[in-house]
Amino acid sequence: MSASGFNLSRVFSTVAEAVPDQEVLVWRDQRFTYAQLDARITGLARFLAGRGLGCRTPRAELAGHELGQDTVGLYLRNGNQYLEAMVASYRARLAPYNVNFRYVAEELRYLFADAGTRVLVYGGEFAPRVAEIREELSHLELLIQVDDGSGTPLLPGAVAYEDAVATTGGDLPEPDPDDLFVLYTGGTTGMPKGVLWRQDDIYVNAMGGTPFGSTEPFGSYEEIAECARNGAGGMRLVMIPPFMHGAAQWSTFHTITNGGCILLTDDVVHLDPPSVLEMAIRERAVSIPVVGDAVARPLVEELERGDYDLSGLAAVNNGGAPLSPAIRARLLEALPHILLLDAVGSSETGLQMSSYSAAGGAPEVGTFDPVPNTVVLDDLLEHVLEPGTEETGWLAQRGRVPLGYLGDAAKTARTFPVVDGVRYAVPGDRARVLEGGRIQLLGRSATTINSGGEKIFAEEVERAMAGHPDIADVIVVGRPSERWGSEVVAVVALREGSEATDEDLLAECARHVAPYKVPKAVMRRPLIQRSPSGKADYRWANAQVG
């Protein structure tokens, strides 16, 4: 291992050398071993390096918000190509980043320009959007088109993905732990921002570089190899969230570190609960990640309808959005043998906290056990709050945190302040430290509603509203009010056939939160708009009540 840490390309190749014949990815009729995928990754890396792309300025010569590597946009749905292109970029010392495939042309223009995109790897279905804006992007010099079955012809000047993968010969650079992992935030409350991590920091913080149950990272690549060998291919995970979501990438590298296998559902456009559950049984999955009620509810409803033997499933991992108490209870009733893990983190912090639930238990919803570097800072960002104080503060992370936001020195300074000589990541979550050191998560400051002088956290009210069995989904926002300044409004989608009145829904909410937090109005919509990862789209919700 380099004295400065790990890089993600070598993590993958280390595992591939340790367990070459174990499966790493299953999708449709394709089953890839580590050795097979590693060879495809190397071919694509050689193609990229052969075009003169890579690292242009050493990390030590750059400020935290600067990027000295050529960037690669990954404009893809789930598939082997996403993982291959990501790791191949690392191997050639480029910086890949996630592209939200729901973006329209205007949003793509902003994103590609903000990232200074040199290379775009995109699915054929997205070729028309790429063609619409490519002439406006001065940095963009290489298009690599994936044949995704859409039948879209190759764009003029573009390279077919499989041709690039087939590249042989040519030298490859030596990746460095200082090379960047770039993750663009979803932009559900503002414009997307590129978060810049050293690969060593994000790997140790959130991508498997710290063994499960330990606070100390691996000490060498050989320890990673031994972990993969000991795993014996047993960690098999059905990946529902898109790879463009950071948590999916983190879970993937956790699985890789343990020599496990990522199982991708055939349909990468729509959530098909029967297919997910059938794959989990057929492929002996031990874990299924979900993103809040948006993913968990359809799975629970299918479990309640069907007859599925999921006795081999050990855990359901939730992150990115909270599970409502009702869905949590139904999930544990349908699968009483599993462990339900809730994880809290963000693009700017990595993993911060977690909690476990099991059938028969009574978890404290919204309360978590922090990792050692997670704290709560006071409102003025002057000191760390002690356990047991009633004061509400800012959830923060210290230690291995990002270098900054791409191209934005001012926002980097605000989000990553130095307090008493220690640098923190403070992305905007409100929290308090309870007796004993557990942390109660209250919600994002960006979604906090100030109504009549009281601060109301949208996520807390959403959990309360979701307690009603007829609510399929809900987002809570504030709208201008002459009396209150801002009043709470719930935008809800009801289950088919529901006869629940607004009064019924609000009465359920009032069972869980104080009267001043109960929405002043309910707006019904056939469907709640969320990001591809399942996160609430507050910009959309605000437009509904504006």
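The values are calculated or read from the model by the stated rules, or taken from the named source; none is laboratory data. These figures come from a predicted structure and were not determined experimentally. Reconstructed Cβ throughout: ideal geometry from the backbone, glycine too, with neighbour counts over all protein chains shown.
For (1) assigned by TED's automatic domain parsing to the domain that holds Gly73; (2) more than 15 Å from the chain's Cα centre (by Cα); (3) part of a loop (DSSP other than H, G, I, E, B), each residue gets a yes or a no:
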| residue | (1), (2), (3) |
| --- | --- |
| Asp201 | yes, yes, no |
| Ala228 | no, yes, no |
| Pro242 | no, no, yes |
| Phe253 | no, no, no |
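Filter the stretch 523-546 down to the residues that are surrounded by fewer than 19 Cβ atoms within 10 Å (Cβ to Cβ) and among the hydrophobic types (A, V, I, L, M, F, W, C), then identify the one that is nearest to Tyr184 (Cα to Cα).
Trp540
Check off (1) part of a loop (DSSP other than H, G, I, E, B); (2) touching a helix residue (DSSP H, G or I) at 6+ places or on another chain (Cβ under 8 Å) for Ser214 and give me the number that stays unchecked.
The one condition Ser214 does not meet is (2).
Can you pull out every residue in the stretch 292-315 that is crowded, with 23+ Cβ neighbours inside 10 Å and either within 19 Å of Asp369 (Cα to Cα) or in the same structural domain as Glu496 (by TED's automatic domain parsing) (or both)?
Gly292, the sole residue that qualifies.
I need the full set of residues from the stretch 365-406 which are more than 24 Å from Ala206 (Cα to Cα) and either charged (D, E, K, R) or surrounded by 13 or more Cβ atoms within 10 Å (Cβ to Cβ) (or both), in order please.
Answer for the stretch 365-406, where residues must be more than 24 Å from Ala206 (Cα to Cα) and either charged (D, E, K, R) or surrounded by 13 or more Cβ atoms within 10 Å (Cβ to Cβ) (or both): Asp378, Asp379, Leu381, Glu382, Leu385, Glu386, Pro387, Thr389, Glu390, Glu391, Thr392.
Quick check, is Thr117 in contact with a His (Cβ under 7 Å, 6 or more places away or on another chain), touching a residue at least 12 places away in the same chain (Cβ under 8 Å) and closer than 25 Å to Thr412 by Cα?
Yes.
Can you find, within the stretch 416-425, the residue that is surrounded by the most Cβ atoms within 10 Å (Cβ to Cβ) among those that are out of contact with any Gly (no Cβ under 8 Å at 6 or more places or on another chain) and under 22 Å from Asp178 (Cα atoms)?
Residue satisfying both the conditions and the ranking: Ala425.
Give just the number: which of (1) crowded, with 24+ Cβ neighbours inside 10 Å; (2) over 21 Å from Ile256 (Cα atoms); (3) aliphatic (A, V, I, L, M) does Leu44 not satisfy?
Condition (2) is where Leu44 drops out.
Quick one: Leu527 ticks every box in (1) of a type in the set (A, V, I, L, M); (2) under 15 Å from His468 (Cβ atoms); (3) in a loop (DSSP other than H, G, I, E, B) bar one, so which box is it?
It fails just one condition, (2).
Every residue, every condition in (1) within 22 Å of Gly213 (Cβ to Cβ); (2) touching a Lys or Arg at 6+ places or on another chain (Cβ under 9 Å); (3) at pLDDT 90 or above, yes or no:
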{"site": "Ser287", "(1), (2), (3)": "yes, yes, yes"}
{"site": "Val291", "(1), (2), (3)": "no, yes, no"}
{"site": "Pro336", "(1), (2), (3)": "no, no, yes"}
{"site": "Gly345", "(1), (2), (3)": "yes, no, yes"}
{"site": "Thr374", "(1), (2), (3)": "yes, yes, yes"}
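Look at Leu94 and say whether it is farther than 24 Å from Gly534 by Cβ, crowded, with 20+ Cβ neighbours inside 10 Å and either touching a Lys or Arg at 6+ places or on another chain (Cβ under 9 Å) or touching a residue at least 24 places away in the same chain (Cβ under 8 Å) (or both).
Yes.
Is there any pair with a first residue in the stretch 457-469 that is closer than 15 Å to Asp502 by Cα and a second that is assigned to a loop (DSSP other than H, G, I, E, B) and of a type in the set (S, T, N, Q) whose Cβ atoms are under 6 Å apart and which are 6 or more apart or on different chains, and what are they?
Ala466/Ser324
Listed here are the residues, each with its yes/no results for (1) touching a strand residue (DSSP E or B) at 6+ places or on another chain (Cβ under 7 Å); (2) in a helix (DSSP H, G or I); (3) small (Gly, Ala, Ser); (4) not assigned by TED's automatic domain parsing to the domain that holds Tyr82.
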residue	(1), (2), (3), (4)
Ala113	no, yes, yes, no
Glu125	no, yes, no, no
Arg129	no, yes, no, no
Glu132	no, yes, no, no
Leu140	yes, no, no, no
Gly149	no, no, yes, no
Pro156	no, no, no, no
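Ala85 passes all but one of (1) closer than 26 Å to Gly219 by Cα; (2) part of a helix (DSSP H, G or I); which number fails?
Condition (1) is where Ala85 drops out.
Can you say whether Thr185 is in contact (Cβ under 8 Å) with a residue 60 or more places away in the chain and surrounded by fewer than 24 Cβ atoms within 10 Å (Cβ to Cβ), as far as the supplied structure shows?
Against the criterion (in contact (Cβ under 8 Å) with a residue 60 or more places away in the chain and surrounded by fewer than 24 Cβ atoms within 10 Å (Cβ to Cβ)), Thr185 qualifies.
With the requirement that a residue be in a helix (DSSP H, G or I) and within 24 Å of the chain's Cα centre (by Cα), what does the stretch 15-33 give you?
If the condition is that a residue be in a helix (DSSP H, G or I) and within 24 Å of the chain's Cα centre (by Cα), then Val15 is the only one that fits.
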